[in-house]
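Derivation of every value follows stated rules applied to the coordinates shown; laboratory data play no part. What you see is a predicted model, and the numbers here were worked out from it, not measured in a lab. Neighbour counts are summed over all protein chains in view; Cβ atoms, including those assigned to glycine, are modelled from backbone coordinates with ideal geometry.
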């Protein structure tokens, strides 16, 4: 087994970095979706949702940076073009969404996809003894599960 400068198996680290690049691409689409619904939201719930969407896109922007920096820490180059993001993304793209319920449903659907990717990375990083990535994924999952619960409650739905 060959290890890198932070003591992790280089083969497993490359695989985790590739998964993180997939997560990065999906987070970029999620971020852009949040910007779009923030800008385009209309209706009686505008004053509630507009700042909430800003809070979510600000958080997503920070996470994009954290993911990219973790990829660099693992010795791999993060994806950084819209072409790469579009090819790798599974998060649904929201276009011209201005209705409150459709916007919240887009968030829930996006988080569902992100959580699937993050849980796979969590499993793989635990197996690779990559505590840095594992801790990041654990934190992301905990926070996003709560957001899904809150959004589903707003929609009047059960988790």
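Using the number of other C-beta atoms within 10 angstrom as an exposure proxy, rank 115, 24 with the fewest first.
115, 24
Divide by every residue of the chain the summed helix terms, -39500 (n - 2.57) for each DSSP H run of at least 4, and state the resulting mean residue ellipticity at 222 nm, rounded to the nearest 500 deg cm²/dmol.
-26500 deg cm²/dmol
For a footprinting-style exposure proxy, rank 6, 107 by other Cβ within 10 Å, fewest first.
By the 10 Å Cβ count, ascending, the order reads 6, 107.
In which sequence would 5, 22, 135, 125 go, from the one with the fewest C-beta neighbours within 10 Å to the one with the most?
Lowest to highest Cβ neighbour count: 5, 135, 22, 125.
Taking N as the number of residues in the chain, what is its Cα Rg relative to 2.2 N^0.38 Å?
That works out to 1.10 for the chain.
Sequence gap at least 6, Cα distance under 8 Å: using those rules, report the relative contact order of the range 21-155 to the nearest whole percent.
Averaging sequence separation for qualifying contacts and normalising by length gives 31 percent for the range 21-155.
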